[in-house]
1. Please report, ordered by residue number, the strands (runs of 3 or more DSSP E) entirely within segment 33-146 with at least 2 residues that are in contact with a strand residue (DSSP E or B) (Cβ under 8 Å, 6 or more places away or on another chain) and in contact (Cβ under 8 Å) with a residue 40 or more places away in the chain.
2. Give the residues of segment 133-144 that are over 11 Å from the mean Cα position of the chain (by Cα) and under 21 Å from Pro70 (Cβ atoms), sorted by residue number.
3. Anything in segment 183-196 that is of a type outside the set (A, V, I, L, M), within 16 Å of Val241 (Cα to Cα) and open to solvent by less than 30 Å² (accessible area, probe 1.4 Å)? List them, or say none.
4. Looking at the structure I just gave you, is Val24 in contact with a Gly (Cβ under 9 Å, 6 or more places away or on another chain), touching a residue at least 12 places away in the same chain (Cβ under 8 Å) and surrounded by fewer than 24 Cβ atoms within 10 Å (Cβ to Cβ)?
5. What about Ala111, is it within 21 Å of Asp6 (Cβ to Cβ), open to solvent by 10 Å² or more (accessible area, probe 1.4 Å), small (Gly, Ala, Ser) and touching a Lys or Arg at 6+ places or on another chain (Cβ under 8 Å)?
6. Do any helices (runs of 4 or more DSSP H) lying entirely in segment 233-315 carry at least 1 residues that are among the hydrophobic types (A, V, I, L, M, F, W, C) and touching a helix residue (DSSP H, G or I) at 6+ places or on another chain (Cβ under 6 Å), and which ones are they?
7. Ala41 passes all but one of (1) crowded, with 23+ Cβ neighbours inside 10 Å; (2) touching a Gly at 6+ places or on another chain (Cβ under 9 Å); which number fails?
8. Which numbered condition trips up Ala139, out of (1) under 21 Å from His292 (Cβ atoms); (2) touching a Lys or Arg at 6+ places or on another chain (Cβ under 7 Å)?
Amino acid sequence: MKPLRDVWGEKLVALGETDPRTVVLDGDLANSTKADKFAGAHPERFFQMGIAEQNLIGVAAGMAALGLIPWTSSFTVFFTHRALDPVRVLVAQSHANVKIVGSYSGLLIGAVGKTHLDVQDLAIMRAMPGMTVLAPGDAAELVAVMDWATEHDGPVYMRIARDGVPDLVGSDYTFVPGKVHRLREGDDVTLISTGPQTSRTLAAAEQLAASGVQATVLHVPSLKPLDDDALRAAAGDTPLVVTVEEHSIIGGLGSLVAEVLTAKGPAPRIERIGLDDTWGESAGNDFLLHKHGLSAEQVADRVSIHLKGTPCVSA
């Protein structure tokens, strides 16, 4: 499996070849994010901004005002926390055509260090008016999302993981904003996930099937916008819905699903699996997945426990 950061870097190069408006601004992390691929191919349109993400976002907004399509490259936490005010004022409020890409997102960069983990980014960015929020689940979806984003006139936030992930969609996949993807059918429980966590959630569903539990698995790569009616229709056939995310359970996918499913009357019982109001830490990927119950085996176990609870609640 090719690391998603390499897929991202190679697709930037391709976009630069087909659209001369494409520029990349990096926060002194091009070797890590693989934006250095673009720097090698299109040096005249690569801008090394240093460890100054606030300024990076400001320059990107200015470039967008001149008709360019800026892609910004740094670790997620530096955009969603350190540069949040410029993102809010200069990009979101002005509806600037800036593509903010948070590399090294989510929980599985513990080897880089606790301070660099960001598991609040989806909550922060989806609460920002005018911001599109996307979390592609595999390499093909990442490429399709980048194709869509370069044609979309407006701010986009995209979280991508560092490492490779199993395939979820085919090479002919076309990204449609807001669409909910049904990857598996089942009558007992609906599992909803986003980003690379969807692969582990799908594996958990296969483990549940071995014990006689049939799960529907929904993949939600577009957290904003979202086709609310499609999500309600897809998740409304089982008595239990479980969201699984490599993110805080506060404000992320779980909160979004709960908002949607309870907005129009009675809803299934909803349980959330993710980081339970805690920080990440400096540790290896397997340790972090195990600690926060996000491995396929633990998701399957937790779903089995939830299935023994109350079958449903009313909104």
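The values are calculated or read from the model by the stated rules, or taken from the named source; none is laboratory data. Bear in mind that the values here come from a model prediction, so they are computed numbers and not experimental data. Glycine also receives a Cβ, built like all others from the backbone with ideal geometry; neighbour counts cover every protein chain displayed. Heavy atoms of the whole protein, side chains included, go into the accessibility calculation; ligands, DNA and RNA do not. Shrake-Rupley method; radii C 1.70, N 1.55, O 1.52, S 1.80 Å.
1. Values: elements: 46-48, 69-75, 99-103, 132-134.
Those strands (runs of 3 or more DSSP E) span 69-75, 99-103, 132-134.
2. Val143, Ala144
3. Kept after step one, since they are of a type outside the set (A, V, I, L, M), are these residues of segment 183-196: 184-188, 190, 193-196.
From the residues that got through so far, the ones that are within 16 Å of Val241 (Cα to Cα) too are 184-188, 190, 193-194.
Residues satisfying the conditions are Gly186, Thr190, Ser193, Thr194.
4. Details: in contact with a Gly (Cβ under 9 Å, 6 or more places away or on another chain): yes; touching a residue at least 12 places away in the same chain (Cβ under 8 Å): yes; surrounded by fewer than 24 Cβ atoms within 10 Å (Cβ to Cβ): no.
For Val24, the condition - in contact with a Gly (Cβ under 9 Å, 6 or more places away or on another chain), touching a residue at least 12 places away in the same chain (Cβ under 8 Å) and surrounded by fewer than 24 Cβ atoms within 10 Å (Cβ to Cβ) - is not met.
5. On the way: within 21 Å of Asp6 (Cβ to Cβ): yes; open to solvent by 10 Å² or more (accessible area, probe 1.4 Å): yes; small (Gly, Ala, Ser): yes; touching a Lys or Arg at 6+ places or on another chain (Cβ under 8 Å): no.
Against the criterion (within 21 Å of Asp6 (Cβ to Cβ), open to solvent by 10 Å² or more (accessible area, probe 1.4 Å), small (Gly, Ala, Ser) and touching a Lys or Arg at 6+ places or on another chain (Cβ under 8 Å)), Ala111 does not qualify.
6. On the way: elements: 253-261, 285-291, 296-307.
Where helices (runs of 4 or more DSSP H) fall fully within segment 233-315 and carry at least 1 residues being among the hydrophobic types (A, V, I, L, M, F, W, C) and touching a helix residue (DSSP H, G or I) at 6+ places or on another chain (Cβ under 6 Å), they are 253-261, 296-307.
7. Of everything listed in (1) crowded, with 23+ Cβ neighbours inside 10 Å; (2) touching a Gly at 6+ places or on another chain (Cβ under 9 Å), Ala41 misses just condition (1).
8. (1)
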